Amino acid sequence: MRRARPQSLTADSQPLSACLVFLGCPKNQVDSEQVLGALTEAGYALTTSPDAAGLMVITTCAFIQSAVRESEAAIQEALKLKQGSSSKRVVVAGCLVERYGARLKRRFPEVDLWVPLADMPRIAQLAAPNLKLQAPSSDKSAICNLQSEIGSAPPRVLSTPRHFAYLKIADGCDNRCTYCTIPQIRGPFRSRPLSDVVAEARELVRTGVKELILVAQDTTLYGTDIYGRSRLALLLTKLGRLDGVRWLRLMYTHPAHLTEDVLDQFATNPKLCRYVDLPIQHGSDRLLTRMRREYTRDDIELQLGALRAIPDMHVRTTAMVGFPGETAREFEELVGLARVARFDRLSCYAYSPEPGTEAAALPGQVPVGLKRERVRRLMQAQAGISRSSLRRLVGRELEVLMDTPGTGRTQWDAPEIDGTVRLAGACARSGRFVRALVTGSSTHDLKARVCRSRRGPPLSRLS
């Protein structure tokens, strides 16, 4: 796993430099880090300044229309920088290319190269200075063949702080939710071989990573395609045996696929954070059926009961409001579920009618203003739950992983999406674990002071 700046490659005595603009989710972040690895292997000098870069690479997101607009705005900004420069080149890669293909060429003819997902690790080769860059010639030409099994990971240059990294264990999705574009963009679900995942994890830990965050479109399906049944619990067992890893964090679990052996891992694996990302989407059985989520509200409550039986287990969830046909009563069902379940973290977003999905053609589309109001109301209800939950932590000693001097996270906080711990007193440097006494709380964050007390269980088991 490379981290150092590469030596610069030269062409006509001029150094070749590259800048990458990353958009989207942690899965796309891993893809982007592989792009950085490919550029590093080719000898490019990496820079964080688009103005100074000869090669500008944008790795895009296209999950919903707001992400599409953000990606297109980034392309427009890059093309502005390209104006008047004979040497600056712009490469656009990833999900936007998969979803829209040659339509992008017609809208942005100044882009030098369009790269689909499967070719992202080959960007350095495709964009070599002595090659003429070309865009896709038809809508379908940008859609790469995603059927093959994912093998060993290409080289990565990590964009995260050195103490944590995302570990992508699978790609694609077979769930076919009626509102989702992921199967169209990323293709069918494909697990990486267990040995390859463990090998990459071992290399990440060797470079100093202490927290491994497992990501996929659906982590709970890991292994079903190549081993015939889920191998997530086995993977967690093997990762937990790696010397040097302190925390394992599991993201993107599906309520219909969370199995007993994985629940056992939460109860028994000392390195697996007592934290699960369990997107319920809604609390109405009728809407869950229309979404094709494959579970009911009763199923959600059973899963939550099993999770809450694990001491200090924290549950993050995601909910969608404004799905076609959502009535006022069904929205209240969702709010009621949130109040009963008392999720530790909840994110809410308004349904986006995505072209090409089944849900976009359903009757009963909810007005935009009403969707926004329902987002506001659900998040207002969740804010009170979150404040109450965090207040109960005041006076406890917790293990905190320092992200920056003065700011850290508990095992119940995923980076960038959950809360933080603001620490007073002598603070350890980034990447260190400290014991901290919680002295205050707010809606999302904690205040604490570093302490040297040794009471309580060992840090590795403290929850």
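All of (1) touching a Lys or Arg at 6+ places or on another chain (Cβ under 9 Å); (2) at pLDDT 95 or above; (3) assigned to a loop (DSSP other than H, G, I, E, B) hold for S148 with one exception: (2).
Between P183, P154, P161, P188, the distinction of being farther than 26 Å from F266 by Cβ, within 17 Å of the chain's Cα centre (by Cα) and surrounded by fewer than 20 Cβ atoms within 10 Å (Cβ to Cβ) belongs to P183 only.
Let's see how each residue does on (1) under 17 Å from L117 (Cβ atoms); (2) modelled with pLDDT of 95 or more; (3) not in a helix (DSSP H, G or I):
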| residue | (1), (2), (3) |
| --- | --- |
| L167 | no, yes, yes |
| T178 | no, yes, yes |
| V198 | no, yes, no |
| R202 | no, yes, no |
| G208 | no, yes, yes |
| Q217 | yes, yes, yes |
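I'd like the full set of residues that are modelled with pLDDT of 95 or more and either surrounded by fewer than 14 Cβ atoms within 10 Å (Cβ to Cβ) or within 20 Å of R452 (Cβ to Cβ) (or both), limited to region 392-406. R392, L393, V394, G395, R396, E397, L398, E399, V400, L401, M402 - these are the residues of region 392-406 that are modelled with pLDDT of 95 or more and either surrounded by fewer than 14 Cβ atoms within 10 Å (Cβ to Cβ) or within 20 Å of R452 (Cβ to Cβ) (or both). Of the residues contained in region 339-354, one or more are found to be β-branched (V, I, T) and more than 30 Å from R231 (Cβ to Cβ).
Check G364 against each of (1) part of a loop (DSSP other than H, G, I, E, B); (2) out of contact with any Gly (no Cβ under 9 Å at 6 or more places or on another chain); (3) not aromatic (F, W, Y) and name the one condition it does not meet. Here G364 meets the rest and fails (2).
Of all residues in region 195-210, those that are assigned by TED's automatic domain parsing to the domain that holds R246 and under 14 Å from K238 (Cβ atoms) have Cβ atoms under 6 Å from Cβ atoms of residues that are assigned to a helix (DSSP H, G or I) and modelled with pLDDT of 95 or more, 6 or more apart or on another chain, in V198/K238; A201/L239. Checking each residue of region 350-368 against the condition of being in contact with a strand residue (DSSP E or B) (Cβ under 8 Å, 6 or more places away or on another chain), free of Cβ contacts under 8 Å to residues at least 60 places away in the same chain and loosely packed, with under 14 Cβ neighbours inside 10 Å gives at least one match.
Looking across region 27-61, the residues that are among the small types (G, A, S) and assigned to a helix (DSSP H, G or I) come down to S32, G37, A38, A52. Is it the case that region 239-250 has a residue that's in a helix (DSSP H, G or I) and either without any contact (Cβ under 8 Å) to a residue 40 or more places away in the chain or under 18 Å from T178 (Cα atoms) (or both)? Yes; the residues of region 239-250 include at least one that is in a helix (DSSP H, G or I) and either without any contact (Cβ under 8 Å) to a residue 40 or more places away in the chain or under 18 Å from T178 (Cα atoms) (or both). Can you find even one residue in region 264-271 that is touching a residue at least 12 places away in the same chain (Cβ under 8 Å), over 27 Å from T181 (Cα atoms) and among the aliphatic types (A, V, I, L, M)? Yes, region 264-271 has at least one match.
The values are calculated or read from the model by the stated rules, or taken from the named source; none is laboratory data. A quick note: this is a predicted structure, and the numbers were derived from the prediction, not measured. As a convention, Cβ positions derive from the backbone with ideal geometry for all residues, glycine included, and neighbour counts pool all protein chains shown.
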